[in-house]
Amino acid sequence: MKFPTRAVALAAAALLAVTACSAGSSTSSGSSPGGGQNLAIGLVAEPASLDFTTTDGAAIPQALLGNVYETLVKQDDSGKIVPSLAKSWQVSPDRKTYTFDLVDNAKFTNGKQFTASDAVFSINRVKTAWTISLKSAMDVVADAKALSPTQLQVTLAKPSNDWLFRMTTRIGAMFSESGVSALATDPVGTGPFKFSKWNRGDSIVLVRNDGYWGTKPNFAQITLKYFKDATALNNALLTSTINVIGTVQAPEALSQFTSNSKYQVIEGTTNGEVLLSFNNSRPVFKDIRTRQAIRMAIDHKALLDTCWAGRGKLIGSMVPPTDPWYEDLTGVAPYDLAKAKSLLQASGAAGKTLRLRLPTLPYATSCGQVVKSDLEQAGLKVQIDQLEFPAAWLTTVFKNADYDMSIIAHVEPRDLGAVFGNPKYYTRYDDPTLQADLAAADAGDEATQVADLKKAARRISEQAAGDWLFLLPNLMVADKDIKGLPTNAITEAFDLSQLSR
């Protein structure tokens with residue numbers, strides 16, 4: 001849960017990560033986005049709020065994490081955990097106590113100095129004030145205290161491989177106690193950018209934080225412009241309304257940019273598993289044969305070619321190749337229409353109608369038609385509903401679980417446990433064996449973690465907890481002279497401070 005966010009983010013993402021804006025509109029500053037100090041980036045998933053402590057969706061951290069809010073530690077391009085507001089840290093021999101040495105020159109944009117007391121406040125607030133499901137990653141913290149203004153000690157109730165990694169995500173964001181009164185509209189952080197304004201349905205404007213403690217960003221202003229329509233997004237770059245397409249939504253149209261020397265195309269990978277999710281609390285999905293039949297009824301290679309122009313990767317479970325425990329599990333449920341029909345007959349699901357409730361995101365809309373066709377060939381009936389994203393989808397599917405199936409890209413990193421290990425999550429998947437594997441992976445040494453997470457990934461694939469249609473690629477198009485764009489998008493954040501011309 002890329003909340004599922006970069007969509008559902010991308011819905012969210014995904015996650016990870018969406019309201020329309022005119023392709024011919026000007027930037028918020030009124031000047032050409034091609035001007036030296038300003039940059040405009042086109043995206044598809046507009047946040048429903050600016051408060052990721054109470055609102056799910058990857059679009060909020062995509063815009064704000066690392067840019068307005070910073071964390072004690074962060075991931076580099078390879079996924080390694082590196083310093084941020086904490087310049088170094090030590091871990092006790094029992095792996096339960098972390099001592100962080102903090103930078104001494106960071107300030108919040110409200111003028112307050114960042115200290116260890118702010119870190120204590122931020123960690124405790126996840127447990128007391130946050131409401132999104134991802135907050136549970138902080139439950140393992142038994143105590144956080146400031147040893148000095150620049151030294152923080154965090155004690156865990158038990159060893160956890162996952163906790164420090166989660167501190168690189170939104171739950172690790174550092175807040176000022178005097179800056180949390182209006183998080184939904186006025187974020188206050190220590191980052192290289194300051195929030196300037198939000199033109200709802202159109203754009204979010206960030207401006208350079210000239211008081212930033214680290215290396216200053218190259219651009220004085222960056223505008224994130226949101227588009228629902230892929231054609232409008234492409235036209236915005238072609239007409240110089242924007243400088244960067246942050247997430248390509250029409251891969252089949254890339255030729256208009258690859259054949260033009262004015263543009264560069266970046267292609268890498270993401271964490272964005274495009275999941276055909278099942279509501280496992282519904283009676284029809286209680287029978288594993290129905291779930292397995294759905295997986296075998298879908299020709300995943302043809303689906304990827306049809307709905308995403310063959311861009312992306314087939315994975316077979318909830319782990320991208322950039323994670324240490326990745327295995328190619330596409331062979332667990334190979335395309336077999338005859339066997340799918342047989343399994344549906346045996347489970348009694350043949351002829352039943354399933355409601356496929358889709359967010360209004362291009363990949364979900366496009367792939368939903370292919371899923372409907374494949375499943376109806378196998379003997380099911382599929383009713384497609386389009387739900388406005390993010391608000392309607394988040395309320396209906398994610399919050400209320402009022403659906404049979406959905407399609408969303410889960411872009412949060414290492415999210416297998418969040419999506420399938422929590423029976424209260426919107427997938428409603430409850431498997432004690434899986435939960436035990438996840439707990440063992442978190443508590444063990446590095447080798448144990450890798451082995452048990454491989455077991456967990458295979459378990460959900462063999463049990464057909466959902467169907468992983470494909471892994472979204474990181475596809476970006478930009479003006480030729482833009483530098484610093486990421487090849488891989490493997491974190492929740494879109495680091496704007498690295499961009500230059």
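The values are calculated or read from the model by the stated rules, or taken from the named source; none is laboratory data. Values in this document were obtained by computation on a predicted structure and should not be read as measured data. Glycine also receives a Cβ, built like all others from the backbone with ideal geometry; neighbour counts cover every protein chain displayed. Protein only, heavy atoms only, side chains kept; ligands, DNA and RNA dropped before computing areas. Shrake-Rupley method; radii C 1.70, N 1.55, O 1.52, S 1.80 Å.
Some values worked out for this structure:
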read-out: Selection count where residues are more than 15 Å from residue 181 (Cα to Cα) and open to solvent by less than 60 Å² (accessible area, probe 1.4 Å), scope region 104-117; value: 5
read-out: Residues located in region 467-501, provided they are over 20 Å from the mean Cα position of the chain (by Cα), of a type in the set (Asp, Glu) and assigned to a strand (DSSP E or B); value: 479
read-out: Single residue of region 341-363 satisfying the filter (among the aliphatic types (A, V, I, L, M) and part of a strand (DSSP E or B)) that is surrounded by the most Cβ atoms within 10 Å (Cβ to Cβ); value: 358
read-out: Selection from region 263-302 of residues that are more than 22 Å from the chain's Cα centre (by Cα), farther than 25 Å from residue 425 by Cα and acidic (Asp, Glu); value: 299
read-out: Any chance residue 301 is closer than 22 Å to residue 62 by Cβ and among the charged types (D, E, K, R); value: no
read-out: Residue count, region 139-162 (criterion: within 27 Å of residue 105 (Cβ to Cβ) and in contact with a helix residue (DSSP H, G or I) (Cβ under 8 Å, 6 or more places away or on another chain)); value: 11
read-out: Residue match in region 453-468 (condition: within 21 Å of residue 170 (Cβ to Cβ) and not aliphatic (A, V, I, L, M)); value: no
read-out: Leading residue by the ranking (least open to solvent (accessible area, probe 1.4 Å)) among those in region 50-71 that are small (Gly, Ala, Ser) and modelled with pLDDT of 95 or more; value: 63
read-out: Residue 484, sole failed condition from (1) touching a helix residue (DSSP H, G or I) at 6+ places or on another chain (Cβ under 6 Å); (2) among the small types (Gly, Ala, Ser); (3) crowded, with 24+ Cβ neighbours inside 10 Å; (4) closer than 30 Å to residue 219 by Cβ; value: (3)
read-out: Any hit, region 257-265, residues being polar (S, T, N, Q) and under 30 Å from residue 375 (Cβ atoms); value: no
read-out: Filter result (part of a strand (DSSP E or B), surrounded by fewer than 17 Cβ atoms within 10 Å (Cβ to Cβ) and out of contact with any Asp or Glu (no Cβ under 6 Å at 6 or more places or on another chain)) within region 72-103; value: 81, 83, 90, 91, 97, 99
read-out: Hits in region 148-183 - residues which are part of a loop (DSSP other than H, G, I, E, B), open to solvent by 40 Å² or more (accessible area, probe 1.4 Å) and more than 21 Å from residue 113 (Cα to Cα); value: 157, 158
read-out: Filter result (surrounded by fewer than 17 Cβ atoms within 10 Å (Cβ to Cβ) and either touching a His at 6+ places or on another chain (Cβ under 8 Å) or outside any helix (DSSP H, G or I) (or both)) within region 120-139; value: 129, 131, 139
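Residue-by-condition table, conditions (1) assigned to a strand (DSSP E or B); (2) modelled with pLDDT of 95 or more; (3) surrounded by fewer than 19 Cβ atoms within 10 Å (Cβ to Cβ):
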| site | (1), (2), (3) |
| --- | --- |
| 186 | no, yes, yes |
| 190 | no, yes, no |
| 195 | yes, yes, no |
| 205 | yes, yes, no |
| 210 | no, yes, yes |
